[in-house]
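Please read the structure below before turning to the comments.
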Amino acid sequence: MLARRGTAFHAWIEEFYEKTSMLDLGDLVEPADSYLDEALDLESMKEAFLASEWAQLQPAYVEVPLETRVGPVAVRGRIDAVFQMDDGTWLLLDWKTGRVPHGKDLKSKLVQLAVYRLGWSRLHSIALEDIKAAFYYVAAGVTIRAEHLSDEAELEQMISSAFEQLES
């Protein structure tokens, strides 16, 4: 059920940004889909998103597929939204529909943002320091901006250590 809610919310976000980029700010909810929205409690997430800073910004890219190598591993993912900020830097944003993590759980989730940042850097030849990343936990209305993300060498070390532990 949680995966379906996340998928449905991502689809709604994509539609939201597509409509706002076309300056069509009409009703964003399709009546035929209202039963699904109720079952997945999407209405409260939509309201939280619309009240957030992210609803006021227009991303440069939405749902960007990404593939990059970290050491011997090919990592694939999808960046939910990419914003080019006024100062020319980039912000990669990942929508989360679950609970806000803390401590070790949050630290392990930040690896995802680090990989996305590395992949975006490689894809567009942008310096890592010009790329920021954040999670937006929709239900809680909380944005967690990554203060420190691992660079290429740190990510490769993590992967190598993980493989060494598997081989032991």
Checklist entry - Restricting region 134-157 to residues that are open to solvent by 40 Å² or more (accessible area, probe 1.4 Å) and among the hydrophobic types (A, V, I, L, M, F, W, C), which is farthest from the chain's Cα centre (by Cα)? => result Ala153
Checklist entry - Going through region 42-79 one residue at a time, which ones are farther than 15 Å from Tyr136 by Cβ, part of a loop (DSSP other than H, G, I, E, B) and open to solvent by 80 Å² or more (accessible area, probe 1.4 Å)? => result Gln58, Pro72
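Residues to consider are Ser160, Ser121; find the one that is out of contact with any Gly (no Cβ under 8 Å at 6 or more places or on another chain) and either open to solvent by 80 Å² or more (accessible area, probe 1.4 Å) or closer than 20 Å to Arg69 by Cβ (or both).
Answer to the selection: Ser121.
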Item to check | Hey, Asp94 under 22 Å from Arg4 (Cα atoms), without any contact (Cβ under 8 Å) to a residue 60 or more places away in the chain, of a type in the set (D, E, K, R) and assigned to a strand (DSSP E or B) or not | outcome: yes
Next on the checklist: closer than 17 Å to Ala153 by Cα, at pLDDT 90 or above, open to solvent by less than 20 Å² (accessible area, probe 1.4 Å) and not acidic (Asp, Glu): is that true of Ile131 in this structure?
Outcome noted: yes
Next on the checklist: Under 8 Å between Cβ atoms, which residue pairs at least 6 apart in sequence (or on different chains) link something in region 115-141 that is within 26 Å of Phe49 (Cβ to Cβ) with a partner that is assigned to a loop (DSSP other than H, G, I, E, B) and open to solvent by less than 10 Å² (accessible area, probe 1.4 Å)?
Outcome noted: none
Item to check | Among (1) closer than 25 Å to Gln58 by Cβ; (2) at pLDDT below 90 - the single one Glu167 does not satisfy | outcome: (1)
Checklist outcome for this item: Given the conditions (1) assigned to a loop (DSSP other than H, G, I, E, B); (2) at pLDDT below 90, every one holds for His148 apart from (2)
Checklist entry - When only residues in region 80-91 that are in a strand (DSSP E or B) and of a type in the set (A, V, I, L, M, F, W, C) count, which is surrounded by the most Cβ atoms within 10 Å (Cβ to Cβ)? => result Ala81
Item to check | Test: Arg99 is of a type in the set (Lys, Arg) and assigned to a loop (DSSP other than H, G, I, E, B) | outcome: yes
Item to check | Number of the exception - Leu113 against (1) open to solvent by less than 40 Å² (accessible area, probe 1.4 Å); (2) in a strand (DSSP E or B) | outcome: (2)
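The values are calculated or read from the model by the stated rules, or taken from the named source; none is laboratory data. Not measured: the values here are computed from a predicted model. Because the Cβ atoms are built from the backbone with ideal geometry, glycine has one as well, and the counts that use them run over all protein chains shown. The area values use the complete protein model at the heavy-atom level, side chains included, leaving out ligands, DNA and RNA. Shrake-Rupley method; radii C 1.70, N 1.55, O 1.52, S 1.80 Å.
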